[in-house]
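Input: a single structure, listed below in structure tokens.
The values are calculated or read from the model by the stated rules, or taken from the named source; none is laboratory data. Here the structure is a predicted model, which is why all the values come from computation and not from measurement. Neighbour counts run over all protein chains shown; Cβ positions are idealised from the backbone, glycine included. Quick note on the areas: whole protein, heavy atoms, side chains included, nothing else; ligands and nucleic acids left out. Shrake-Rupley method; radii C 1.70, N 1.55, O 1.52, S 1.80 Å.
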Amino acid sequence: MNILSKTPSFTRQVFCTINQQIRFLSQNKTAVSNNRQQSELRFTLPNGNLSKEQRQEYEKNGFLVIRNLVKAKTLDHFRERFQQVCVGIVKVPGMTVMKDVAIAKSEFADGEKAITKIQDFTLDDELFKYCCEPEIVKYVENFTGPNIMAMHTMLINKPPDPGTQSSRHPLHQDLYYFPFRPADRIVCAWTAMETINRENGCLVVIPGSHTGELEVHEYPKWKGGVNKMYHGIQKFDPNQKMVHLHMETGDTVFFHPLLIHGSGTNRSSRFRKAISCHYADSACEYIECKDGVQDFISKEVTDIFRKKTGLQDAQFEDVWRIKSRLVKGERINL
Ligand SMILES: O=C(O)CCC(=O)C(=O)O
């Protein structure tokens, strides 16, 4: 049993924060004592495979693109598996299937064309292979350390926009959805399964935004409708520099969970596919998300989970305990 589960929430949060500080300091001990410049690198770990330049780039921008990291053949395998999931040949326990708000109303869309995203495929051994791809994990270790959990997985099938602009994904920070910390030991790997550019709705990021706070998120008031769970940041400076990430098949971007990002309208006539996994150091701690910026999302997700599973006492962290899976090393807290 988790010894913190009976502790009042304030004490629990203080305890977690102290724990996180101790862990952060111990992970960086060598760098702190040996090299002043390295100790200033907060978002990457000294024991990884990144070059000094790559570490500096991630520290500054909050993201790092590695070209041609995953083989096209490997991605084809995930594409086929996705198609089998869509037509119901493969059933994955705990997986969420999402439909675009505009397409969901159409009687004509079927199979792959009806599905805009699958989420939480960790219990499917074939799709889980993405999370374990050695080339990806080698990079992930630079952010999480050696004990790696796959916390959140998605295969995004962005549909051609039906004219509603509902295929857009509003600007958001992924940490908003996560009840575990510290944020710096969490990283997303997002791989393009085909050429992704401004025409078919590439990722757009605000470089450096990972150094900011977790912002208030809410459903955007878009005329064409908004997809379920697509909360966004409403207050941001429209003059901030934004970068559109043009990617080719297999290119992978690693990004920090506070990085503000979203994706554009798919103006092409084809579905646009990407696959992603959020990884975390298994020594991260669950936190209380009530009465704060994450209150709304934690209630929304927990309610859906309770309805789906019938587990009326389930808490937000239980949703995450169930769907996460160890990739490498030891499962410590998560
Ligand atoms: O692939 C995309 O369109 C963006 C996905 C994304 O940012 C998310 O689902 O959190």
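Return the residue satisfying two criteria in turn: it lies in the range 138-153 and is open to solvent by 10 Å² or more (accessible area, probe 1.4 Å) and in contact with a Phe, Trp or Tyr (Cβ under 8 Å, 6 or more places away or on another chain), and of such residues it is nearest to ASN49 (Cα to Cα). Give the derivation first.
Applying the first criterion (open to solvent by 10 Å² or more (accessible area, probe 1.4 Å)) to the range 138-153 yields 138-139, 141, 146-147, 152.
After this cut, where a residue has to be in contact with a Phe, Trp or Tyr (Cβ under 8 Å, 6 or more places away or on another chain) as well, the list is 139, 152.
Details: TYR139: 7, HIS152: 24 Å.
Looking at residues that are open to solvent by 10 Å² or more (accessible area, probe 1.4 Å) and in contact with a Phe, Trp or Tyr (Cβ under 8 Å, 6 or more places away or on another chain), I get TYR139.
Here ALA314, ALA274, ALA283 are screened, and the one residue that is within 15 Å of the ligand (Cβ to nearest atom) and either touching a residue at least 12 places away in the same chain (Cβ under 8 Å) or over 24 Å from ILE115 (Cα atoms) (or both) is ALA274.
Could you check, for the range 229-244, whether at least one of its residues is open to solvent by less than 50 Å² (accessible area, probe 1.4 Å) and out of contact with any strand residue (DSSP E or B) (no Cβ under 7 Å at 6 or more places or on another chain)? Within the range 229-244 (the criterion being open to solvent by less than 50 Å² (accessible area, probe 1.4 Å) and out of contact with any strand residue (DSSP E or B) (no Cβ under 7 Å at 6 or more places or on another chain)), the answer is yes, since at least one residue qualifies. Is it true that some residue in the range 245-256 is of a type in the set (Asp, Glu), more than 24 Å from GLU133 (Cβ to Cβ) and open to solvent by 10 Å² or more (accessible area, probe 1.4 Å)? No: zero hits. Against the criterion of being over 26 Å from ASP303 (Cβ atoms), crowded, with 16+ Cβ neighbours inside 10 Å, away from the ligand (no atom under 13 Å from the Cβ) and at pLDDT 95 or above, VAL204 does not qualify. Among the residues making up the range 174-193, those that are in contact with a helix residue (DSSP H, G or I) (Cβ under 8 Å, 6 or more places away or on another chain) and within 14 Å of the ligand (Cβ to nearest atom) are LEU175, TYR176, TYR177, PHE178, ILE186, VAL187, CYS188, ALA189, THR191, MET193.
So if I check each of HIS246, HIS256, which one is more than 10 Å from the ligand (Cβ to nearest atom) and under 23 Å from ALA280 (Cβ atoms)? Explain how you work it out, then say what you get.
Values: HIS246 fails: under 23 Å from ALA280 (Cβ atoms).
Only one candidate qualifies: HIS256.
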